[in-house]
Amino acid sequence: MSEQQRSSNRDAFPATAALIDEFKHAFGADQVRLVWAIENGNEIGKQIPEPLPGKCVTAAQMVIRPKEEQQEAKGGRRGRGA
C-alpha cells in the first residue's frame, strides 16, 4: 500500500486508525491486521461471516480496560511509591 493510500485511509477512518495504532503498540505491529471496518459511512476490507477462532476477534469480544485496572485484576500494585 502506498503512503498516499495510507494517508487517505487515515483521513477516512480516523478512529479506526487510532485504535489500530494502539493495538500495534500493545501487541506488536506484526500481530495486528485489520480485516474489515466501517466508519463515517466509509467501508474498507471484507467482512468475514465468522471470526476465525484464535486468529481474530470482534469488537464485541474485546474487553478494554485501563492499565491500572488490569494490574489490580492481576494483583499488581496500584502505583509506584517514591
*Cβ-derived FRET efficiency at R0 25 Å, GLN4 paired with MET62, nearest 0.05*: 0.25
*Determine ³J(HN,Hα), in whole Hz, for all residues of segment 3-18 in sequence, where each value follows from phi through the Karplus function 6.51 cos²θ - 1.76 cosθ + 1.60 and θ = phi - 60°; x replaces Gly and Pro.*
4, 5, 5, 4, 4, 4, 5, 4, 5, 6, 10, x, 5, 5, 4, 5
*Label segment 7-62 by shape, choosing from rounded, prolate and oblate, from the square roots a ≥ b ≥ c of the eigenvalues of the Cα gyration tensor; if a/c is under 1.5 it is rounded, and otherwise prolate applies when a/b is larger than b/c, oblate when it is not.*
oblate
*In percent, how large is the relative contact order of the chain, given Cα pairs closer than 8 Å and 6 or more residues apart?*
16 percent
_Cβ-based exposure ranking for VAL32, VAL57, in which fewest neighbours within 10 Å come first_ = VAL57, VAL32
*Counting each DSSP H run of 4 or more residues in the chain as -39500 (n - 2.57), what helix-only mean residue ellipticity at 222 nm follows after dividing by all residues, to the nearest 500 deg cm²/dmol?*
-11000 deg cm²/dmol
*In what sequence, highest mean first, do 35-42, 13-20 appear when ranked by Cβ atoms within 10 angstrom?*
13-20, 35-42
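Where a number appears in this text, it was derived from the coordinates with a stated rule and is not lab data. Computed from a predicted model, the values in this text were never measured in an experiment. Cβ: placed from backbone, ideal geometry, glycine included. Neighbour counts: every protein chain shown.
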